[in-house]
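Reading through the structure tokens given below for one structure.
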Amino acid sequence: MRTIAFVTQKGGSGKSTIASSLAVAAHEAGERVFIFDLDPQQSLTKWSKTRGEADIPVESVTPGKLPAALAALAKGGVTLCIIDTAGAESPATAAAMKAADLNVIPARPNAFDLWATEQTRKTLRDMRRDFVFLLNQCPPSQQNSRVEEGVKALEAMGGLISPLVSSRVDYQEAARHGFGVSELNPSGHAADEMRKLWSSLKRRLAKVKGVMPSKKAA
Ligand SMILES: Nc1ncnc2c1ncn2[C@@H]1O[C@H](COP(=O)(O)OP(=O)(O)OP(=O)(O)O)[C@@H](O)[C@H]1O
Ligand SMILES: [Mg+2]
């Protein structure tokens, strides 16, 4: 099993939105996906209730119980666990960062988000945890100096995962209805972005020391 945590102390950068659509895209690609919702706002727990399906279970867990809960999932045949966290440093966020094979730090292409990622990066570096940045809510044209600046800054800080994720209504509509974007509009640009994001993350996870791609979905 591989574990991805969405972390950044910056609220509203898109952790829950991308986590839910990525979970669906990975599930469609053959992974057995489980989500731990470590955010007291319970965004993904509410998303799951709206979804009303058991295909991608969403549960909460206390930070102290997270390692044992992850071990139990792996034993039960889950191949991908996605952890969503609150937009603030907390024991739950620290536990998620520590448990994850890879931490994803979403940031919007604006100065405040980019500055805030510095702190998250420092925390992860101090903990010696692996991480990548994800640039979210880019203007769909992408020919924009603000985006270019964001790309440069995040690449310099340690690595940006592809693709750039655009600002699209599909992300908001999918979340509202308990879907992933690839279910809401399978042929849309957002669906394409989430399938590509899962491919990139899967490749990146395969490079994490000691973590091999699952046989089933390799
Ligand atoms: N790519 C996108 N396109 C359009 N809207 C987006 C996109 N990503 C996120 N949003 C919107 O931005 C807002 C914040 O997103 P979200 O709640 O996922 O952020 P978050 O990082 O989980 O926030 P919090 O730290 O409060 O949990 C939401 O209204 C969401 O619909
Ligand atoms: Mg959230």
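The values are calculated or read from the model by the stated rules, or taken from the named source; none is laboratory data. Keep in mind the model is a prediction, meaning the values are calculated, not measured. Quick reminder, even Gly has a Cβ in these numbers, built from the backbone with ideal geometry, and neighbours come from all protein chains shown. These accessible areas exclude ligands, DNA and RNA; they are computed on the full protein's heavy atoms, side chains included. Shrake-Rupley method; radii C 1.70, N 1.55, O 1.52, S 1.80 Å.
Data table
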read-out: Rough spin-label spacing in nm, given labels placed 7 Å along Cα→Cβ, for Lys152 and Val169; value: 3.4
read-out: Accessible area per residue, Å², the chain with all protein chains present, probe 1.4 Å; value: 46
read-out: Spherically averaged projected area of the chain from its Cα convex hull (nm²); value: 10.8
read-out: Estimated dipole of the range 2-206 in Debye, rounded to 20 [Cβ of Lys and Arg +1, of Asp and Glu -1, Cα centre]; value: 420
read-out: Accessible area of the range 2-206 belonging to carbon and sulfur atoms, whole % at 1.4 Å probe; value: 52
read-out: Normalised alpha carbon radius of gyration of the range 1-59 [divisor 2.2 N^0.38 Å]; value: 1.08
read-out: Inter-probe distance in nm under a simple model that places probes 7 Å from Cα toward Cβ, at Gln119 and Ala54; value: 4.2
read-out: R0 of 30 Å, Cβ-Cβ distance Lys196-Ala71: FRET efficiency to nearest 0.05; value: 0.45
read-out: Inter-label distance, nm, simple model (7 Å from Cα along the C-beta direction), Ala111/Gln42; value: 3.9
read-out: Of Val169, Val151, Val78, the one that fluctuates the most in a GNM where the chain has Cα springs shorter than 10 Å; value: Val169
read-out: Length-normalised contact order of the chain in % [C-alpha pairs under 8 Å, at least 6 apart]; value: 28
